[in-house]
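Engineer: Quick one: the structure is below, questions incoming.
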2 protein chains.
Amino acid sequence: MKLHPDGHEKTVIDPFGTSYVADYERLYREFGIEPFQPLLPSLPNPSLYMRRGIVFGHRDFKVILEAMTRNEKFAVLSGIKPTGEFHLGTLMTAKEIIYFQKQGAQAFYCIADIEAYEDNKIPFEKSEKIAINNVADLLALGFDPDRGYIYRQSKENRVKDLAIIFGRAVTLATMKAIYGERSIGLYLAALIQAGDILLPQLEDFGGPKPTVIPVGIDQDPHIRLTRDLAQVFHNKFGFIPPSSTYHKLMKGLDGSPKMSKRLMNYFTLDDSPETITQRISNAFTGGRPTIKEQRELGGVPEICPVYEICLFHFVEDDEDIKRIYCECKTGKLLCGEHKKQTIDLVLKFVEEHKRRKNKLLDKAREIILNKP
Amino acid sequence: MKLHPDGHEKTVIDPFGTSYVADYERLYREFGIEPFQPLLPSLPNPSLYMRRGIVFGHRDFKVILEAMTRNEKFAVLSGIKPTGEFHLGTLMTAKEIIYFQKQGAQAFYCIADIEAYEDNKIPFEKSEKIAINNVADLLALGFDPDRGYIYRQSKENRVKDLAIIFGRAVTLATMKAIYGERSIGLYLAALIQAGDILLPQLEDFGGPKPTVIPVGIDQDPHIRLTRDLAQVFHNKFGFIPPSSTYHKLMKGLDGSPKMSKRLMNYFTLDDSPETITQRISNAFTGGRPTIKEQRELGGVPEICPVYEICLFHFVEDDEDIKRIYCECKTGKLLCGEHKKQTIDLVLKFVEEHKRRKNKLLDKAREIILNKP
């Protein structure tokens, strides 16, 4: 299957073919990332992201699949860089962890405050406040803190100690190849992230086990670095190289390839209904220049960020999203109407989410401030 | 005063003019290291190393001098890389710390086990054992643990956290300029060392205060890096840039510029009397080819490692060492006789030291294993 960013050509009819990744074939061929799709039939209960091809690739996911089907222990870890409020990108990672937790994984959620400090210059006093808010979001989404571990890098000495141990095995050349010419702190943050990824396999957490890291494809260099380190230190710790899944990255609402604070082309779960309404109303779409053309040719959901947010987040039923896709493609559903429907769905979700979240802020504060 | 490695020329008659440092003038002129000698008259109770010019340079020692004379609080920190037994080099640093502790300093002794790991590949389980032995030496030499703080880097989270905070401000270029192309772990160890040096100034230890770091001149790059970091983070922590004193480095017993495990040109405080006797007996000296020549021309104590170990460690009285110097210079004291005297002094010291040390091994174990 060849995906193409320009749906006009209609070479592919695929309701899940949004968020074009530049060159899947190359990722598969040159970087050793395997396509996820062939695993789908074996998965007892694939997530929305898996079913819709948003999770498109993996490394070593088969060991996770085996653990899941044999009811053996496994772990999931991912996290958030505490730089701001939950948006639709961080929401995706949170949902992926919660999905695996519900499938029986020991779940780890890392607040990457050292990375926020080294990379984004956010002082720890500030990221602490941000983290409390982020964790309340995570809990509101259904993360069970009693069966999972939420921690800040800056307070988790086991992670820092792993980074120190790993440091000996990483050359400057490797770091420069992955991250370019940066501060030592940024390289240290990368080693700490390797520590995060292998934390679930320490004896304190039950020892070596398959661990899956659900991330955006842009995070693969961290995964490769950590898989290398897992091998180098296998004799000492018994590490199993971590598995990963890769999801597509969401576009900005203005149609640009990335969400960006500067462009204000996204919204957060803390934004007001007015802001959210305005951002979606002003969004770029896959619509045609005129209504007449759109009725005749149909829209282009493949390039449409409004369709994308429905596909990723706000239309849960696969039949519903397929229907929207078809109605758009056939010119039945116009952009104005679809934006209106989408705004309703988003506001309904955000309102309910905020209600749940407000009750969990104290719990989030307790997790962030009281745990060692 | 111009020192010259070859005493033959007799341009300088100076009983303390051993251990030639290649170019003092350049250190003073280009690197901002100040000569120590002008401060001597102001020091109420200078140490043996200060009196004998073994401590030859400093940065900002005046703030220490002021604190000492005004009875204000100040700190001293130095340490050991736990890679082996105490030798005459590590002995020197230990004595310097103990000197400052006796002058009223809050004393910190750092076991640089992270550096031993990153630089010398010594696993933490091994450096722990070495550290216990090293600390027993330190205590036997007179360090008062009740008025000082002995710690391992790997267990001191405040030091690791400072390293993480400092990382943001240190570029790769700086690290490469100081340490060359090394592993990330080695660079991390350097940041951790900066954390060590500024640890005494944290609120947990009473807040900012003048701190002196007695080191060999080869350690100056660490001092400069840390002084820069103290300035960068002054607003956050109130750091006063650390002061330093620089001592000359001891030669090998074979006359080569450095003590080296490979060359076996030194002895440790744990060596047997037989080994020590043998090493000193076989040492290079500043003697002449024949007894006749030596009676006529005198010896050359300036290049003699046997004279040097007396000067640095085993002849405490300044008048005694001056007498030895003169007797050698005038051909009165020959090498065989002086070696014999020196062996007696060393064996007596080592025997008494071992006796004291054996009683302190349990205390050392307690300090290394039980403290958080």
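Engineer: Has region A:215-223 got at least one residue that is in contact (Cβ under 8 Å) with a residue 24 or more places away in the chain, within 12 Å of another protein chain (Cβ to nearest Cβ) and either in contact with a His (Cβ under 7 Å, 6 or more places away or on another chain) or surrounded by fewer than 18 Cβ atoms within 10 Å (Cβ to Cβ) (or both)?
Structural biologist: There is no residue in region A:215-223 that is in contact (Cβ under 8 Å) with a residue 24 or more places away in the chain, within 12 Å of another protein chain (Cβ to nearest Cβ) and either in contact with a His (Cβ under 7 Å, 6 or more places away or on another chain) or surrounded by fewer than 18 Cβ atoms within 10 Å (Cβ to Cβ) (or both).
Engineer: Might you check whether a residue that is under 30 Å from A:N358 (Cβ atoms), within 12 Å of chain B (Cβ to nearest Cβ) and touching a residue at least 24 places away in the same chain (Cβ under 8 Å) occurs anywhere in region A:190-197? Lay out the reasoning, then the answer.
Structural biologist: Here is the first cut: in region A:190-197, the residues under 30 Å from A:N358 (Cβ atoms) are A:196.
Add one more test, that the residue is within 12 Å of chain B (Cβ to nearest Cβ), and what stays is none.
Checked region A:190-197: no residue is under 30 Å from A:N358 (Cβ atoms), within 12 Å of chain B (Cβ to nearest Cβ) and touching a residue at least 24 places away in the same chain (Cβ under 8 Å).
Quick grid of which residues meet (1) modelled with pLDDT of 95 or more; (2) loosely packed, with under 15 Cβ neighbours inside 10 Å; (3) β-branched (V, I, T):
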residue	(1), (2), (3)
A:E308	yes, no, no
A:F312	yes, no, no
A:D317	yes, yes, no
A:I321	yes, no, yes
A:G331	yes, no, no
A:E337	yes, yes, no
A:H353	yes, no, no
A:N370	no, yes, no
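Engineer: Would you check which residues across region B:175-189 are at the interface with chain A (Cβ under 8 Å from one of its Cβ atoms) and either without any contact (Cβ under 8 Å) to a residue 60 or more places away in the chain or outside any helix (DSSP H, G or I) (or both) and list them?
Structural biologist: B:M175, B:K176, B:E181, B:R182, B:S183, B:I184, B:Y187
Engineer: Looking only at region B:129-159, count every residue that is within 14 Å of chain A (Cβ to nearest Cβ) and of a type outside the set (A, V, I, L, M) and tell me the total.
Structural biologist: Residues flagged as within 14 Å of chain A (Cβ to nearest Cβ) and of a type outside the set (A, V, I, L, M) within region B:129-159 amount to 7.
Engineer: Further question: Given the conditions (1) more than 18 Å from B:A230 (Cα to Cα); (2) in a helix (DSSP H, G or I); (3) more than 11 Å from every other protein chain (Cβ to nearest Cβ), report the number of the one that B:L162 does not fulfil.
Structural biologist: (1)
Engineer: Given the criteria on the phi > 0 side of the Ramachandran plot and surrounded by fewer than 22 Cβ atoms within 10 Å (Cβ to Cβ), does A:K155 qualify? Quick ask: steps written out before the conclusion?
Structural biologist: Details: on the phi > 0 side of the Ramachandran plot: no; surrounded by fewer than 22 Cβ atoms within 10 Å (Cβ to Cβ): yes.
In short, no.
Engineer: Could you please let me know if A:Q101 is touching a residue at least 40 places away in the same chain (Cβ under 8 Å), out of contact with any Ser or Thr (no Cβ under 8 Å at 6 or more places or on another chain), within 14 Å of chain B (Cβ to nearest Cβ) and among the polar types (S, T, N, Q)? Quick ask: steps written out before the conclusion?
Structural biologist: Working: touching a residue at least 40 places away in the same chain (Cβ under 8 Å): yes; out of contact with any Ser or Thr (no Cβ under 8 Å at 6 or more places or on another chain): yes; within 14 Å of chain B (Cβ to nearest Cβ): no; among the polar types (S, T, N, Q): yes.
Against the criterion (touching a residue at least 40 places away in the same chain (Cβ under 8 Å), out of contact with any Ser or Thr (no Cβ under 8 Å at 6 or more places or on another chain), within 14 Å of chain B (Cβ to nearest Cβ) and among the polar types (S, T, N, Q)), A:Q101 does not qualify.
Engineer: Only residues that are closer than 14 Å to A:R52 by Cβ and either of a type in the set (D, E, K, R) or assigned to a loop (DSSP other than H, G, I, E, B) (or both): list them for region A:238-250, please.
Structural biologist: Within region A:238-250, A:K248, A:M250 qualify.
Engineer: Looking at (1) surrounded by fewer than 16 Cβ atoms within 10 Å (Cβ to Cβ); (2) more than 21 Å from the chain's Cα centre (by Cα), which one does B:P257 not meet, given that it meets all the others?
Structural biologist: The number of the failed condition is (2).
Engineer: Now a separate question. For B:K340, are the conditions met, namely being under 26 Å from B:N133 (Cα atoms), part of a helix (DSSP H, G or I) and not β-branched (V, I, T)?
Structural biologist: Against the criterion (under 26 Å from B:N133 (Cα atoms), part of a helix (DSSP H, G or I) and not β-branched (V, I, T)), B:K340 does not qualify.
Engineer: Please return the ranges of helices (runs of 4 or more DSSP H) entirely within region A:251-332 where 1 or more residues are within 23 Å of A:L48 (Cα to Cα) and touching a Phe, Trp or Tyr at 6+ places or on another chain (Cβ under 8 Å).
Structural biologist: Where helices (runs of 4 or more DSSP H) fall fully within region A:251-332 and carry at least 1 residues being within 23 Å of A:L48 (Cα to Cα) and touching a Phe, Trp or Tyr at 6+ places or on another chain (Cβ under 8 Å), they are A:273-281, A:305-309, A:318-329.
Engineer: Among the candidates A:A105, A:A116, A:A67, single out the residue that is under 17 Å from A:V215 (Cβ atoms), touching a Pro at 6+ places or on another chain (Cβ under 8 Å) and at pLDDT 95 or above.
Structural biologist: A:A116
Engineer: Taking the residues in region B:129-152 that are charged (D, E, K, R) and surrounded by 20 or more Cβ atoms within 10 Å (Cβ to Cβ) as candidates, determine which candidate is farthest from A:E125 (Cα to Cα).
Structural biologist: If we filter region B:129-152 for residues that are charged (D, E, K, R), which is where we start, we get B:129, B:137, B:144, B:146-147, B:152.
Then keep just the ones that are surrounded by 20 or more Cβ atoms within 10 Å (Cβ to Cβ); that gives B:137, B:152.
Numbers: B:D137: 42, B:R152: 27 Å.
The qualifying residue farthest from A:E125 (Cα to Cα) is B:D137.
Engineer: Oh, and also: Of the conditions (1) over 24 Å from B:G180 (Cα atoms); (2) in a loop (DSSP other than H, G, I, E, B), A:Q193 clears all except one; give me its number.
Structural biologist: Checking A:Q193 against (1) over 24 Å from B:G180 (Cα atoms); (2) in a loop (DSSP other than H, G, I, E, B), the one that fails is (2).
Engineer: Determine, yes or no, whether A:E296 is more than 23 Å from the chain's Cα centre (by Cα) and outside the structural domain of A:Y151 (by TED's automatic domain parsing).
Structural biologist: yes
Engineer: So B:G180 clears everything in (1) surrounded by fewer than 22 Cβ atoms within 10 Å (Cβ to Cβ); (2) under 24 Å from the mean Cα position of the chain (by Cα); (3) on the phi < 0 side of the Ramachandran plot; (4) of a type outside the set (V, I, T) except one condition, right? Which one?
Structural biologist: All conditions pass for B:G180, except number (3).
Engineer: Sticking with this one: With over 19 Å from the mean Cα position of the chain (by Cα), β-branched (V, I, T) and either at the interface with chain A (Cβ under 9 Å from one of its Cβ atoms) or surrounded by 24 or more Cβ atoms within 10 Å (Cβ to Cβ) (or both) as the only criterion, which of B:V170, B:V212 stands out?
Structural biologist: Going through B:V170, B:V212 in turn, just one is over 19 Å from the mean Cα position of the chain (by Cα), β-branched (V, I, T) and either at the interface with chain A (Cβ under 9 Å from one of its Cβ atoms) or surrounded by 24 or more Cβ atoms within 10 Å (Cβ to Cβ) (or both): B:V170.
The values are calculated or read from the model by the stated rules, or taken from the named source; none is laboratory data. Keep in mind the model is a prediction, meaning the values are calculated, not measured. Backbone-built Cβ (ideal geometry, glycine too); neighbour counts: all protein chains shown.
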